[in-house]
1. Order 11, 270, most accessible first, counting only protein heavy atoms with a 1.4 angstrom probe.
2. Is the shape of the range 191-266 rounded, prolate or oblate, going by the alpha carbon gyration tensor and its root eigenvalues a ≥ b ≥ c, with a/c under 1.5 for rounded and a/b larger than b/c for prolate?
3. How much net charge surrounds residue 209 when only other residues with a Cβ under 12 Å from its Cβ are counted (Lys, Arg +1; Asp, Glu -1)?
4. For residue 240 and residue 55, calculate 0.36 nm times their separation in residues minus their Cα-Cα distance, and state this gained length in nm to one decimal.
5. Over the range 39-93, with the other protein chains present, what is the accessible area per residue in square angstrom, probe 1.4 angstrom?
6. Amide H to amide H, which residues 5 or more places from residue 20 or on other chains are under 5 Å from it, using H placed in the peptide plane?
7. Of 267, 74, 210, which has the largest mean-square fluctuation in a 10 Å C-alpha GNM of the chain?
8. For residue 216 and residue 120, what is the calculated FRET efficiency with R₀ set at 22 Å and r taken between the beta-carbons, to the nearest 0.05?
Amino acid sequence: MKQETPQPGYEEAFVDVGGVRVHYLHAGSGRPMLLIHGLVGSSANWRNNIAALSQHASVYAIDLVNMGKSQRVEGLDAGLRSTANRIVAVMNALGLTETDIVAHSHGGAVALMLAALHPRRVGRLILFAPANPYCRSCDPVVRTYSTPWGGFAAWMLPYCPAPIQRAALGGIYGGADRVVDRCLQEVVDGLRSPGTLHHVLSIVRCWFAERAKLKSVLRRVKRIPTLLVWGDRDCTVSLRSAVKLKRKLCGSELIVLPGGGHTVFEETPEESNRIVLEWLGRHPLSTAHLRDLPRTVFVAGRSKGGAATRGLSAGT
């Protein structure tokens, strides 16, 4: 592992995984927690969450291969299964036998696939608006960007004037006025990085087939304690799909943030951090589960609350 210049609140480093350099941020100690970003994101998306979460866990925020500061690999399989297996390889390289996972959007779909394929490697799941088999709201966008003209538009977007870029991201953040300049620049810089957009479009083009594969294995995840967090203004992954996903994942809990868009952990980090930590406190791993794991595993959390959030039952 090669250490980078430390950043406030966390260390920045690379780990070699089968000859590929994977970038990650790390802070804290105790029970491991792995943070997985969304489709056009990076580990930097979690900068306002790491400090709070690392007071209760050993937090690792990774850049998926071909994203962020991780190495670009031409011809990489963009499917959910392969991506999940690459994350397990990262866990192995970091010495993480088992971990809680916090993930967003496409990263949430990857986390669900990982939990289905390797259930003993996952303790608890905290998913912010995960892409899922029951969401149809983004189908028109997926179809558009899967065409030659859509691909051309995607290649042009990082070089368009900032107001156009801000308007494009506004649908994700619940309004263009909520797109922070820093977040906008990070997305643009990421898409301009050689190899990133090609990989993103590869994910988009295979999404319908991958969604079907995820649906076929979701039953394997139903016993893993899961928290689903959504903004009620999410135009990317519909709240309606959240209700259907909750029904499928027995014992999961759904919390909806009024006024929140698709990235509530960035939009309202303090509230999101509180929700995650309180849920972890109310859902400690069972004794039977701990008995099956190596003795190096730890637990964390606290209790209930939150006037700004509301639970949504499976019957809503």
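1. The ordering from most to least exposed comes out as 270, 11.
2. In terms of gyration-tensor shape, oblate.
3. So the surrounding residues net to +4.
4. 63.2 nm
5. 36
6. none
7. Of 267, 74, 210, the most mobile in the Gaussian network model is 74.
8. Calculated transfer efficiency: 0.65.
The values are calculated or read from the model by the stated rules, or taken from the named source; none is laboratory data. Quantities reported herein were computed from a predicted structural model and do not represent experimental measurements. Here the Cβ is made from the backbone with ideal geometry for all residues, glycine too, and neighbour counts use every protein chain on show. The area values use the complete protein model at the heavy-atom level, side chains included, leaving out ligands, DNA and RNA. Shrake-Rupley method; radii C 1.70, N 1.55, O 1.52, S 1.80 Å.
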